[in-house]
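The values are calculated or read from the model by the stated rules, or taken from the named source; none is laboratory data. Bear in mind the structure is a predicted one, so any value in this text is a computation, not a measurement. When we count neighbours, we look across all protein chains shown, and the Cβ atoms used for this are built from the backbone with ideal geometry, even at glycine. Accessible surface areas use protein heavy atoms only, side chains included; no ligands, DNA or RNA. Shrake-Rupley method; radii C 1.70, N 1.55, O 1.52, S 1.80 Å.
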Amino acid sequence: MNSKVFLVLRIIFGLFLLVFGFNKFFHYMEFGKMSEAAMNYFSALMSTKTLTIVALVEILAGISLLINKFGALMMIVLLIISVNAILFHAFLEPGSISGALILLFLNVVMLFAYKQRYHGILRP
């Protein structure tokens, strides 16, 4: 991947992660109306502090991308959150899936950009 394109995507994705990670703490963007099933699931995530862990991972991944340290590792960890966000929206809130799709798309693009770093763990 072109280094300038990678740099721009890395910065955009880092800022995207910071904005949405800090939003889970400071609530400056509204979540919108959710179905009862989605609200129950979301309430369970908040009561068990799972959402706090997700927010911390997003913030750490965003910082990692912005300072260009441990980005490849954080993209693997963030893939778990990306897939869960897609599943949450696909089954409980399909009308608001666009943010999750952007998250997964950028995550996959960054994984592809870091592909040379994964050769050691993908060897047979």
Region 59-76 residues that are more than 18 Å from K4 (Cα to Cα), paired with ones that are open to solvent by 70 Å² or more (accessible area, probe 1.4 Å) and charged (D, E, K, R) (beta carbon under 9 Å, 6 or more apart): I63/K69; L73/R117
Counting only residues that are more than 18 Å from the chain's Cα centre (by Cα) and polar (S, T, N, Q), region 26-69 contains a total of 5
Which residue, of I81, I53, is hydrophobic (A, V, I, L, M, F, W, C), open to solvent by 80 Å² or more (accessible area, probe 1.4 Å) and out of contact with any Ser or Thr (no Cβ under 8 Å at 6 or more places or on another chain)? I53
Selection from region 20-38 of residues that are without any contact (Cβ under 8 Å) to a residue 40 or more places away in the chain, open to solvent by less than 90 Å² (accessible area, probe 1.4 Å), of a type in the set (A, V, I, L, M, F, W, C) and in a helix (DSSP H, G or I): F22, F25
Exception for F13 within (1) touching a residue at least 40 places away in the same chain (Cβ under 8 Å); (2) farther than 21 Å from S98 by Cα; (3) not aliphatic (A, V, I, L, M) falls at (2)
Would you confirm, using the coordinates I've provided, whether K33 is basic (K, R) and over 26 Å from Y114 (Cβ atoms)? yes
Is it fair to say I86 is under 29 Å from N2 (Cα atoms) and touching a residue at least 60 places away in the same chain (Cβ under 8 Å)? no
